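Asks: Okay, here's the structure, questions in a sec.
The values are calculated or read from the model by the stated rules, or taken from the named source; none is laboratory data. Remember, it's a predicted structure, so these values are computed and weren't measured experimentally. Quick reminder, even Gly has a Cβ in these numbers, built from the backbone with ideal geometry, and neighbours come from all protein chains shown.
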Amino acid sequence: MKDLRIWWRWLMLVSFAAFMVAGPVAAGQRRCPVCNQFFDDSIEICPNDGTDLKLLGEKVEPAGAPEPETSDSAEKSAETSPDNGETNNEERKYIRHDRGGKRKRTAPQEDEDAAGSGRSDRQRRLRDERTGVAQVKKKETPVDKNAVKDAALREEYRANKEKAIQEALAKKKTEAKPDPELERQKALWKQTAPYMSIGGRFSWMGEADKPGLVMGTEIDLNLLRTNVRVGLSSFIGVRHVSRNELIFLENVSIGVQKPWRFSPYLSGHIGIGTIISQRFGEDITNLVRAVGIDAGIDCRLNNAFVVTPSVGYVRYAIRDVAWDSLTLKISLGF
């Protein structure tokens, strides 16, 4: 009986000691991340270094409790520990601890909230997705500076072309239509001298001291009839002296004229030819030289005919004998 009581006392003592030891352990402890000492849950501030154990302390689970999974994935951690709306979203945010390689959730700091860096994982993913979509759209629709410049140049060219058309129309309206008759007359004035003309020339060429009339027909061909007048002429006529003699002359003329409808001109000519006379029943041929100057006016009557009166001076010479003579000429050109 006495031994039974002794054993009962020892059993009570052991039970009390086990209760005293297991009580604090079952109640839960936290480890300070700085000094690595364990403190009860009731202690919120580490007495060694002042660390906030409630915020930064590492929870020490009682013996037999399953260890929490450590994962870096926000989606997996959310799946394994859904809150079902029971906990605050701010408590689910976490930071990587400097020791142990675990992530511990902590409340966001005020500075992070102000800077916008304390967003949830869902908000961060949405932000990244929106940024990616914006970048894709920006690549799909780049700004083509060459196209913009080309469009501006096209618009400037169109405006200049339209302005030029309007100026041309205004100028056409203000300009008077030219008179066809006046234009035709101007063209005729520039071609006053005829291409070819035929007329009569009268002059005097005596024999010794006796005067003698020379008259004949002259054909003129004008090779150049602008401000400068160049032509050829052929004269065939008769000299009336004691007997009639035939005379032939070929002349080259050069001069100047004003190309009007009534065009005055001044030209000089030089010629050479022969005089055929009959003496003592024989034909005698003598060489004749002629140098002279003419002044006249080409009068265009219409598109077809030009009348040219002229006067001049000519010097005939046969061997050593020469005669000075005035000439008169009138011709019809076409």
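Asks: Applying the selection to segment 3-35, what residues are loosely packed, with under 10 Cβ neighbours inside 10 Å and either of a type in the set (Asp, Glu) or modelled with pLDDT of 80 or more (or both)?
Replies: Listed by number, the list holds a single entry, 3.
Asks: Now a separate question. Of the residues in segment 172-221, how many are of a type in the set (Ser, Thr, Tyr) and modelled with pLDDT of 80 or more? Steps first, answer last, please.
Replies: Within segment 172-221, the subset of a type in the set (Ser, Thr, Tyr) is 174, 192, 195, 197, 203, 217.
Filter once more, keeping what is modelled with pLDDT of 80 or more: 195, 197, 203, 217.
Qualifying residue count for the region: 4.
Asks: How many residues are within 16 Å of residue 294 (Cβ to Cβ) and surrounded by fewer than 16 Cβ atoms within 10 Å (Cβ to Cβ) when one looks only at segment 199-214?
Replies: 2
Asks: Which one is surrounded by the fewest Cβ atoms within 10 Å (Cβ to Cβ) among residues in segment 271-287 that are modelled with pLDDT under 95 and among the small types (Gly, Ala, Ser)?
Replies: The qualifying residue surrounded by the fewest Cβ atoms within 10 Å (Cβ to Cβ) is 281.
Asks: Now a separate question. Does residue 262 satisfy the condition of being more than 17 Å from residue 200 (Cα to Cα), surrounded by fewer than 18 Cβ atoms within 10 Å (Cβ to Cβ) and either touching a residue at least 24 places away in the same chain (Cβ under 8 Å) or in the same structural domain as residue 318 (by TED's automatic domain parsing) (or both)? Let's see the steps before the verdict.
Replies: Numbers: more than 17 Å from residue 200 (Cα to Cα): yes; surrounded by fewer than 18 Cβ atoms within 10 Å (Cβ to Cβ): yes; either touching a residue at least 24 places away in the same chain (Cβ under 8 Å) or in the same structural domain as residue 318 (by TED's automatic domain parsing) (or both): yes.
For residue 262, the condition - more than 17 Å from residue 200 (Cα to Cα), surrounded by fewer than 18 Cβ atoms within 10 Å (Cβ to Cβ) and either touching a residue at least 24 places away in the same chain (Cβ under 8 Å) or in the same structural domain as residue 318 (by TED's automatic domain parsing) (or both) - is met.
Asks: Determine, yes or no, whether residue 246 is modelled with pLDDT of 90 or more, farther than 20 Å from residue 225 by Cβ, loosely packed, with under 15 Cβ neighbours inside 10 Å and not acidic (Asp, Glu). Talk me through it step by step, then tell me what you get.
Replies: Details: modelled with pLDDT of 90 or more: yes; farther than 20 Å from residue 225 by Cβ: yes; loosely packed, with under 15 Cβ neighbours inside 10 Å: no; not acidic (Asp, Glu): yes.
Answer is no for this residue.
Asks: Out of 268, 312, 296, 292, which single residue is farther than 18 Å from residue 332 by Cα, modelled with pLDDT of 95 or more and surrounded by 18 or more Cβ atoms within 10 Å (Cβ to Cβ)? Step through it out loud before you land on a result.
Replies: Details: 268 fails: surrounded by 18 or more Cβ atoms within 10 Å (Cβ to Cβ); 312 fails: farther than 18 Å from residue 332 by Cα; 296 fails: farther than 18 Å from residue 332 by Cα.
Among 268, 312, 296, 292, only 292 is farther than 18 Å from residue 332 by Cα, modelled with pLDDT of 95 or more and surrounded by 18 or more Cβ atoms within 10 Å (Cβ to Cβ).
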